[in-house]
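Below is one structure, written out as structure tokens; the observations come after it.
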Amino acid sequence: MSAVYLDNAATTPVNPGALNAAWPFLTTEFGNASSTHELGERAATALADARSRVAQALGARAGEIVFTSGGTEGDNFATLGLALANPRGQHIVSARTEHEAVLASLEYLERVHGFEVTWLDVARDASLSPADLEAALRDDTTLVTLMMANNEVGTTHPIPQLAEMAHRRGALFHTDAVQALGWLRVDVRELGVDALTFSGHKIGAPKGSGAVYVRSGLAIEPLLHGGGQEADRRSGTENVAWAVALATALELLPESDTEGPRVGQLRDAFIDHVLSTVPEARLTGSAQDRLASIASFTLAGVGGEAILLELERRGVIVSSGSACAAGRDDPSHVLMACGFSEDEARTSVRFSLSHSTTADDLARAARALSESVAEVSGMGR
Ligand code: PLP
């Protein structure tokens, strides 16, 4: 029996359609998009076409899309770039449940550039209160950065409401939509954000692909300096093949308006199954405001790492939370920010679904979890 892969929040396989679309630009059509000969011009045309298609998928204009190497670069570029280019002040508002790419960028702004960050409190389910944002905003707040959906526990934030609050006080708003894309509607004008980051390898494009939306007319400081590609916002020879793959993967995503509710039902049935068969399991994240693709639990008294191994032995591949902390054994910073103890945070396990996950896959995963917990805690069940 083949393994059930339920670690799609860590990464997804490349969609063959996206790879096929990219292939010519790795082989015969290998030109440099900045070259003036025909091969180069064809590459430039392909890049422009990919940019328009990405923009179209997000409700943006082509000139508002900057291709990047993925979510980490995008979060760095959007937060550092907007904070450093905006003369309004040196105050930023965010939350400790953000991805490390945002946290570390803001800590860098504090350490090196003298910014001050107000970290909003989050509830035990990782939700935050809009009133807390209102209270945190100041006349010198230059940027608010809050993610659309959390990568470890799946909790979503009401971005349009939060962005409007920031704007009313004159601050810019960036959102990390890396996990939300494909599951929630991502239209930059409906969301009302100034910048939005996403990553290709979470949606069927290759690792090392991604883009940032930057609202037209906004000043943004580049991270990479050099030949002035990407309209002076990101120097370096453009990765035409990955831009084409990204645009194609985006177009191949199923419609989130129907896919979110469909997969959300599978996830809910899975959560019910786990909670009724594994007494140690507690749901983490919000029960209502959560991404369709993520079901995450703590397992009272049962080490998460041991459970991952037992699950893998049973052909179920998951992770303990974020795969992005480069294999470190730290307890989840997200759960710690939600008020869990270090010991509790070390018992977390995250199941993340794809668009092709089936009810049978999830039934198998729930059975494997029950057996694994029994095995690790030394009780027959
Ligand atoms: N932001 C979120 C919410 C993520 O989940 C991830 C990756 O897991 C990233 C940013 C980083 O993206 P990348 O792996 O493309 O650098």
Restricted to region 68-79, and to residues that are near the ligand (Cβ under 7 Å from one of its atoms) and open to solvent by less than 10 Å² (accessible area, probe 1.4 Å), which residue is nearest to ALA241 (Cα to Cα)?
GLY70
Considering each residue of region 85-103, count those that are part of a loop (DSSP other than H, G, I, E, B), open to solvent by 40 Å² or more (accessible area, probe 1.4 Å) and within 16 Å of the ligand (Cβ to nearest atom), and give that number.
1
Got a sec? Which of LEU106, LEU82 is more than 16 Å from the ligand (Cβ to nearest atom) and buried (at least 19 other Cβ atoms within 10 Å of the Cβ)?
LEU82
Can you name the number of the only condition in (1) within 16 Å of the ligand (Cβ to nearest atom); (2) open to solvent by 40 Å² or more (accessible area, probe 1.4 Å); (3) touching a residue at least 60 places away in the same chain (Cβ under 8 Å) that LEU250 fails?
(2)
Does region 214-228 contain any residue that is under 30 Å from ALA292 (Cα atoms) and within 16 Å of the ligand (Cβ to nearest atom)?
no
Residue by residue through region 267-326, note down the ones that are farther than 15 Å from SER372 by Cα, touching a residue at least 40 places away in the same chain (Cβ under 8 Å) and in a strand (DSSP E or B).
ARG290, ILE294, ALA295, SER296
Go through region 48-67 and count every residue that is open to solvent by 10 Å² or more (accessible area, probe 1.4 Å) and either farther than 20 Å from ARG189 by Cα or away from the ligand (no atom under 16 Å from the Cβ) (or both).
12
Here the residues within region 117-150 that are within 22 Å of PHE297 (Cβ to Cβ) and assigned to a strand (DSSP E or B) are ALA149
Just to be sure, is GLY260 open to solvent by 20 Å² or more (accessible area, probe 1.4 Å) and touching a residue at least 12 places away in the same chain (Cβ under 8 Å)?
no
Out of region 333-381, which residues are closer than 30 Å to ASN15 by Cα and assigned to a loop (DSSP other than H, G, I, E, B)?
LEU353, SER354, HIS355, SER356, THR357, THR358
Pairs with Cβ under 7 Å, 6+ apart, first in region 62-91 and of a type in the set (Asp, Glu), second away from the ligand (no atom under 16 Å from the Cβ):
GLU64/ALA55; GLU64/VAL214; GLU64/ARG215; GLU64/SER216
Within region 124-132, is there a residue that is surrounded by fewer than 23 Cβ atoms within 10 Å (Cβ to Cβ) and of a type in the set (A, V, I, L, M, F, W, C)?
yes
Please determine, by comparing only the residues of region 151-175 that are open to solvent by 10 Å² or more (accessible area, probe 1.4 Å) and in a strand (DSSP E or B), which one is farthest from LEU6 (Cα to Cα).
LEU172
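The values are calculated or read from the model by the stated rules, or taken from the named source; none is laboratory data. The structure displayed is predicted, hence computed values, not measured ones. So basically every Cβ, Gly included, is an ideal-geometry build from the backbone, and we count neighbours across all protein chains shown. Ligands, DNA and RNA are excluded from the accessible area calculation, which covers all protein heavy atoms including side chains. Shrake-Rupley method; radii C 1.70, N 1.55, O 1.52, S 1.80 Å.
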